[in-house]
Amino acid sequence: MTKMAIYEKEYAEEDLKITSYYKKDYSSFNTWITLIWITAGYVLAGGLFLMCNADGILEGITILKLVILTAIAAGGYLALIILYAIGAGRYYKKKHTRAKQRVKKYYRDLSRLEKMYKKEQERA
């Protein structure tokens, strides 16, 4: 019973929210959110880099240098997005699996507790 109380206090609310989704839906939704935030961070970091180094970048700029810088930025972005998509997908699938296992154990303990109460009522 103590384990159940600790579980209810620490994990129950979040686990019940997580397990209300299918694993694929939960993983996909949160992966997309992660990718959106990574994109926002990449754009902000790129803008900050350009603002800090604008003089050096624009000093001897040619079309070829501009194309190369754009290709490097796009390649870095694609690599970052792919890595984060794979990592976030795995992370959220594992998170859903662990939450589902905890909820399953919690419900099993609840049913055991209910059986114990019924036996006590029958004795009394």
Cβ-based exposure ranking for SER111, SER27, in which fewest neighbours within 10 Å come first: SER111, SER27
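If I take every Cα pair under 8 Å that is 6 or more residues apart in the chain, average their sequence separation and divide by the length, what percent do I get for the relative contact order? Before the final figure, lay out each step's value.
On the way: 52 pairs, mean separation 66.5, N = 124.
Relative contact order for the chain comes out at 54 percent.
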Mean-position separation - Cα centroids, region 20-54 and region 74-103, in angstrom: 12
Fewest-first ranking of SER28, SER20, using other Cβ atoms within 10 Å as the exposure measure: SER20, SER28
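Using a simple charge model, +1 on the beta-carbon of Lys and Arg, -1 on the beta-carbon of Asp and Glu, nothing else, what dipole does the chain show about its Cα centre, in debye to the nearest 20? Don't skip to the answer; put the middle values down first.
Numbers: 21 positive and 12 negative charges, 231 e Å.
It works out to roughly 1100 debye.
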Under 15 Å, Cβ to Cβ, from LYS3 - net charge with Lys/Arg +1 and Asp/Glu -1: +2
Eligible lysines near LYS118 by straight Cα distance, threshold 22 Å, same-chain separation 8 or greater: LYS3, LYS104, LYS105
Where only alpha carbons of the chain are counted, the Rg and the Dmax (Å): 25.3, 92
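Each value in this text was obtained by applying a stated rule to the coordinates, not by laboratory testing. Bear in mind the structure is a predicted one, so any value in this text is a computation, not a measurement. Ideal geometry is used to build each Cβ from the backbone, glycine not excepted, and the neighbour counts take in all protein chains shown.
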